[in-house]
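For reference, the structure is listed below as structure tokens.
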Amino acid sequence: MSEFALEVEKLVKVYAPRGKPAIRAVDGLSFSVPRGIIFGLLGPNGAGKSTLLRMLTTLTQPSEGSARVLGFDVVRKALEVRRRIASVIQETAAELFLSVRDNFLTYAKFHGLERTTALRRSAAVMETFQLTEEADRKVQDLSGGFRRRVQVAKVFLAETPVLFLDEYSTGMDAILKRQVMSLLRAETQKGRTIILTTQVLSEAEELCDDILILNKGKQVARGDLNTLKLLSQGVYEVAMTFDRLPEGIAADLQALVPLRYSVDQNTIEIAFKAEEARVLEMVSELARNRRVVHVEVRGASLEDIFVELMQGREAQ
Ligand SMILES: Nc1ncnc2c1ncn2[C@@H]1O[C@H](COP(=O)(O)OP(=O)(O)OP(=O)(O)O)[C@@H](O)[C@H]1O
Ligand SMILES: [Mg+2]
């Protein structure tokens, strides 16, 4: 079997709606993803993330170029690909007329699980996703958030080697989101590869081993978090807590021309793009004649990198 989960070469998807200009939703992407990692696709609305995932999961065909999942071409070997993947796409993909339990059992059967295993695993995922009480209800009668749970829960039933998740956490509460994050992590330890898209940058930051940032169908940046941080060339976040909030602090912060800042009770947070030495100077300027209880200086967050990269692209 191929050592790569994904191999994408010069992939293009053009949508040509009747009477409207054609859209190059994916515009010449080439990249590969090794097996056993969590790979994040990030980008603003309309960047082409879902379109890319739809091609990789065989739901739509590329206009040009090629893509392989575990070495199988998504067009010529679509069935081989489908057997080896599980996906949660943005549009609802649960069987609406079946009950929650039957959704799981049907899915498990499709993936070749024995009935006893299917029953045991279904019960377990229903428990994790707090769906036990909904087991006998038809999916079409559930709220949007619960339908989403059914979709996401399914991928933990079978052991397909590659998982695709398109904004899986939409509509989930914070506790469930945390749980799912650690479940996903555990899946990669079993050797599964996870390809996910997200708008929630802190989620990507926490979860993804490798990230590709897309804009207008093209690659903007690629790498693990540390590589991306280097790209951002010196964005620092400073958090300072004072014994009491100094008067006129907002004006002082603005005078430093930060990328952003916030004030919360006695704590200020501020992000600068500057040389390290200058950042330390700025911190001491803010601390002058004030009682500082706590100071923390961090490198860039993914959010800052993302914003900066997108602004850079707009200016070109
Ligand atoms: N079926 C379609 N027909 C025509 N255009 C489409 C179709 N699907 C997507 N597009 C266009 O392709 C571009 C990429 O859309 P896509 O849904 O892939 O973006 P996305 O990155 O997933 O965005 P979001 O973050 O909003 O989910 C957009 O300009 C969109 O309008
Ligand atoms: Mg999308």
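FYI, it's all coordinate maths here, none of it is from the lab. Only a predicted model underlies this, so the values are computations on that prediction, with no experimental measurement involved. Positions of Cβ are generated from backbone atoms using ideal geometry, with glycine treated the same way; all protein chains shown enter the neighbour counts.
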**Fill in**
Residues 55, 282, 172 in order from fewest to most other beta-carbon atoms within 10 Å are 172, 282, 55
**Prompt:** With Cβ to Cβ distances under 10 Å as the rule, what net charge do the other residues near residue 301 carry (K, R +1; D, E -1)?
**Reply:** -2
**Request:** Find the eigenvalues of the gyration tensor of the Cα atoms of the range 4-224, then list the square roots of 5 times those eigenvalues as equivalent ellipsoid semi-axes, largest first, in whole angstrom.
**Result:** 29, 18, 18
**Message:** Modelling each spin label as a point 7 Å along the Cα-to-Cβ direction, I'd like the residue 177/residue 141 distance in nm, to one decimal.
**Reply:** 3.0 nm
**Message:** With 10 angstrom as the radius, rank 237, 303, 275 by how many other C-beta atoms surround their C-beta, starting from the fewest.
**Reply:** 275, 303, 237
**Request:** Could I get the Rg over Rh figure for the range 98-225? Both from C-alpha atoms, Rh via Kirkwood, rounded to two places.
**Result:** 1.00
**Item:** Cβ-based exposure ranking for 54, 291, in which fewest neighbours within 10 Å come first
**Value:** 291, 54
**Request:** Place a +1 charge on the Cβ of each Lys and Arg in the chain and a -1 charge on the Cβ of each Asp and Glu, then give the dipole magnitude about the Cα centre in debye, rounded to the nearest 20.
**Result:** 1320 debye
**Request:** Report the far tail of the P(r) of the range 243-316, meaning the percent of Cα-Cα pairs longer than 19 Å.
**Result:** 40 percent
**Asked** Distance in nm between label sites at residue 20 and residue 262, each 7 Å beyond Cα in the beta-carbon direction?
**Response** 3.5 nm
**Asked** Quick one: what do you get for the range 166-316 if you divide its Cα Rg by 2.2 N^0.38 Å?
**Response** 1.24
**Request:** Could you calculate the contour length gain from residue 9 to residue 73, that is, 0.36 nm times the residue separation minus the distance between their Cα atoms, to one decimal place in nm?
**Result:** 21.9 nm
**Message:** Taking the Cα centroid of the range 39-83 and of the range 139-191, what is the distance between the two, rounded to the nearest whole Å?
**Reply:** 20 Å
**Item:** Label-point gap, in nm, between residue 310 and residue 102 - each point 7 angstrom along Cα→Cβ
**Value:** 4.3 nm
**Request:** Distance from a point 7 Å along Cα→Cβ of residue 186 to each backbone N in the range 131-170: keep the residues under 13 Å and list them by number.
**Result:** 156-157
**Fill in**
Excluding near-sequence neighbours (fewer than 8 apart on one chain), the chain holds lysine pairs with C-alpha atoms under 18 Å apart numbering 14
**Item:** Extension reserve of the residue 31-residue 115 stretch, reckoned as 0.36 nm per residue once the Cα distance is removed
**Value:** 26.3 nm
**Complete:** Along the dipole axis of the chain (charges at Cβ: +1 for Lys and Arg, -1 for Asp and Glu; origin at the Cα centre), the most positive-end residue among 86, 107, 227 is 107
**Complete:** Note to self, the chain gives a 222 nm [θ] from helices alone (DSSP H runs n ≥ 4, -39500 (n - 2.57) apiece, / all residues, nearest 500) of -10500 deg cm²/dmol
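Lys and Arg at +1, Asp and Glu at -1: add these up for the other residues within a Cβ distance under 14 Å of residue 137 and post the number.
-2
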